[in-house]
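Enquirer: Dropping the structure in here first, questions after.
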C-alpha cells in the first residue's frame, strides 16, 4: 500500500483518534463535575443523588455505559475532526499507469552472420543484447530489425529467429523507432521512453537529423551499443554515435560492447526510465457540506463539553433542603 492509499483513510483515522480523545476528555470533565457537585451537596446539605451501580436496572446500566463511551462530547469531537480532515483530503480515483517503452534498433546486416576465420558470427551477440530488452511488468519493448535493405518491426523476443542478410538501413530503422515513441495529440510526453541502437559499427544516421527527430518527439534519448568494438569501427562513426547520444540527452551512454558490459546494457537503460502514473485526484465534491457539518458539530462539541463540565444538581434536591 503506497502513501496515497494511506492518505485516503486519513479522515477516518483522525476521526477515530479524536473520538478516543473525546472519551478521555468527557471522563475528566465528568469527574470534575461530580467533584463540584459533591462539594455543593455537602455545602448545602442536599440529598446525595448517587446510586450504586448494583441498584440500577439493566437498561439503566446500559444507558450509563453508553453515556460514558459514546457521549456527545466524544462523538461530536470525532465527527468534527473527521469532517475537518475530509475537507482537505482529495478523493483519489484509479491510477492509469503507463509502462515505459524501449524501442530497439537491431543491426542484422549480412556481415553480422558471417564467420570470419576463427571468429564466430556477431549476430548471436547482437541478439543476446536485444533479448535483454524483452517486455516486462513495467517496460514495453519493440524491435526494428534492419536487414536485407528493409526494416521489420517485430517483438523483441523474435529477433533471434530472423536471419541476417544484405544491407541494414539503420538510419531508416532509427527514424521509425523515434516515431514510435512520439507525443500525444496535445504535444506532451505521455510516458518515459528510449531508443537503443545495436550496431555492428555501421552508419546509423546523420547526428543533426537524428537529434532533430529526437527533439521533435520530446527529446527521446538514443543509446548506442557498438558490438564491433572501437578498434574496428571508423573514428567518424564513433564520433557520430557519441554526438547522437549526447545531443539526445541519453545521459552520455555509448557502449563498446564487451564481455564485461554486454549483460548490463538493458538494466542501465531501464534504470533511466520510470513508468508514468496518471493520478486521478479530484477535489471533494462535498467540501461545502463538510465545512457546514464541521462547524455544526464543533458547536455541538463546545456545548456538550461545557454542559458536562458544569454538571447539574437536580432542582428537587435544592428545594428539598
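Any read-out appearing in this document is the output of simple, stated calculations on the displayed coordinates, not a laboratory observation. In this text the structure is predicted, and so the values were computed from the model without any measurement. Every residue, glycine as well, gets a Cβ built from its backbone with ideal geometry; the counts of neighbours run over all protein chains shown.
Enquirer: Multiply the residue separation of residue 8 and residue 20 by 0.36 nm, subtract the distance between their alpha-carbon atoms, and state the gained length in nm to one decimal.
Expert: Gain on extension, residue 8 to residue 20, equals 2.3 nm.
Enquirer: Follow-up question, since we're still on this one. Taking R0 as 30 Å, what's the FRET efficiency between residue 203 and residue 264 from their Cβ-Cβ distance, rounded to 0.05?
Expert: 0.70
Enquirer: Which distance in Å, rounded to a whole number, links the C-alpha centroids of region 223-276 and region 105-137?
Expert: Cα centroid of region 223-276 versus Cα centroid of region 105-137: 15 Å apart.
Enquirer: Modelling each spin label as a point 7 Å along the Cα-to-Cβ direction, I'd like the residue 155/residue 120 distance in nm, to one decimal.
Expert: Roughly 2.6 nm, to one decimal.
Enquirer: Can you tell me how region 97-278 classifies by the Cα gyration tensor, rounded, prolate or oblate, using a/c under 1.5 as the rounded cut?
Expert: Working: a/c = 1.67, a/b = 1.47, b/c = 1.14.
Note, shape of region 97-278 comes out prolate.
Enquirer: Round to the nearest 0.05 the FRET efficiency obtained for residue 219 and residue 163 when R0 = 35 Å and r is the Cβ-Cβ distance.
Expert: Plugging the Cβ-Cβ distance into 1/(1 + (r/R0)^6) gives 0.50.
Enquirer: Can you give the FRET efficiency to the nearest 0.05 for residue 88 and residue 246, using r as the Cβ-Cβ distance and R₀ = 35 Å?
Expert: Working: r = 46 Å, r/R0 = 1.31.
Calculated value: 0.15.
Enquirer: With a 10 Å Cβ neighbour count serving as the proxy for reagent exposure, in which order, fewest first, do 75, 299 appear?
Expert: Neighbour counts put them in this order, fewest first: 299, 75.
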